[in-house]
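Heads up: the structure comes next, in structure tokens.
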Amino acid sequence: MSAPLAVAAVSVTAVVGLDSSGLLSPWWSLFVDDAAQFCAALAATLACWITAARHSGAQRRWRLWMGAGTCGWLFGQFVWSWCQLFRDVGLPSPSLADVGYLTLPVFALVAIIALAADRPGQGAPRRRTEWLVMVLDGLIVVGALFVLTWATTLGPVVRAGAATPLAYLIAIAYPVTDLLLAVIIILLVAAVSTDRLQLIVLGAGLLCLTVSDSVFAFRVAAGAQSMPPLANAGFIAGHALVAVAALTPAPTRETPRWAVRPHARWGHLLLPYVPVAGTGVLLIVQLVRGIPMDDVEIVVVTVVISLLIIRQAITLVQSAGLVASRARLVLATDQTRRQLERDLHDGVQQRLISLGLDIRRAEANVPPELTQLRQQLSAVVAGLSGTVNDVRELSRGVHPAILTEGGLRPALRTLARRSAVPVDLDVRVDGRQPEPVEVAAYYVVAEALTNATKYAQATLVHVCVQVRGRNLYLTVRDDGIGGADPERGTGLIGLSDRVEALGGTLTVESPAGQGTRLEAEIPLDQR
């Protein structure tokens, strides 16, 4: 891949240097510049379509779409060059060249999404909602940035230079498509792993094209008659990078590597709101200064607000789905723990007890003169008894049977009796509560007592459980050293997830030297 990149870099440098050297007449300089752009687009088209025949699936689709986009741009460049070189038209716009040029971002957008969907090592492609949110984010950012540029520089230039409604629409179409393409590229490259070399190279090429395209649109709107050679360098370099991306082999499929990301990506979540906020501030300042919004700004702002509402609705639906999924996961885990406790109690434990009784009977039948054998059998029985006790404690830790059989009050009393720190227990709960609520409250108290024993150096723990209205309120307070930090892996994060999965809240107050206070509020309505 380094060789094609080197050839592309040398070609771009040679063309820009030759055009800027002054050695050529204006006509020949324009000819070399247009011919270089035409050849670069032709190379990109051929590279995409020829390599597409050797691939399948997404690797074939993105090359076909990208080839269609560069072919459209190639047609536009032919019309453009004919008008400039043989009809002596400076910047021929609007014309058929605009039709060809504007097909590139449309097909390129489909191509990069098809390429990004082919993610090695990720199994199934992204869910449709994720793609929808990404596209909405891109449209929102594009709309906000367009209003910013339109209100500051682009609007006055276009209004001054566009002589007809068609020229006006084309002048708007270029920056909108360029912004959309640039934003989608940035979102996609940021969303995938760094080993996606094809996407990065293709994105770099399209960004080069959008930069030069934006310069072209601005100069056309401003009424300029020519493009500087350096501004056209993006057209040459962009198509060259597209060709390099098409020639790059498809990434090999690797074994999935799963990573846990406990923290939310706040930059990604807040991305669409930052430019919207900047746009809002700008428009407010203009209104205060007496500058009204024009029709373009009103339409785009309305569209952006509508897209924000749609995105927020999708986010709320996703959040509700995640909460429900987390609750189902917690309940499924509790059911698995309960089944495991029953298997240990009714299966392994009973089998060990039965084996101990069999050995006891065998020991009773041993002749008196075989003292050593009797002692060995007695030792085996003692070992089995210890194993039974271990299994019993293990089954209690997996899921306390007393919680299932007797409810929260006796289960908490058992916890208090076993605690190495004295416990002042106050349970104001009558009867049974919903099983998920009892399980969550039990584990909150169990984890709090464990932390008080291991870390807090406490001498007394106060536990209060009561029902008020339709909620169960739980408070655990100790007189230890405080300083508990949920981020240090003390089990509080897991408890918070469990409580929040039931629609409740868990708060921890632990100032240094003043003990720790843990409060949980859990709704009783778990239908």
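Spin-label pair Gln286-Arg428: with each label point 7 Å from Cα along the Cα-Cβ axis, the two points sit 6.1 nm from one another. Under the combined filter of DSSP loop state and at most 10 neighbouring Cβ atoms within 10 Å, region 417-512 retains these trypsin sites (Lys or Arg not before Pro): Arg470.
Each label point was placed 7 Å from the Cα along the Cα-to-Cβ direction; for Thr404 and Arg470 their separation is 3.0 nm. Taking 0.36 nm per residue of sequence separation and removing the Cα-Cα distance, the Arg54/Trp27 pair yields an extension gain of 5.6 nm.
If the segment from Val317 to Leu370 were pulled out straight at 0.36 nm per residue, it would be longer than the present Cα-Cα gap by 11.6 nm.
Rule-based calculations on the coordinates, nothing more; no lab input. None of these values were measured; they are calculated from a predicted model. Counting neighbours? That spans all protein chains shown, and the Cβs are built from the backbone with ideal geometry, glycine included.
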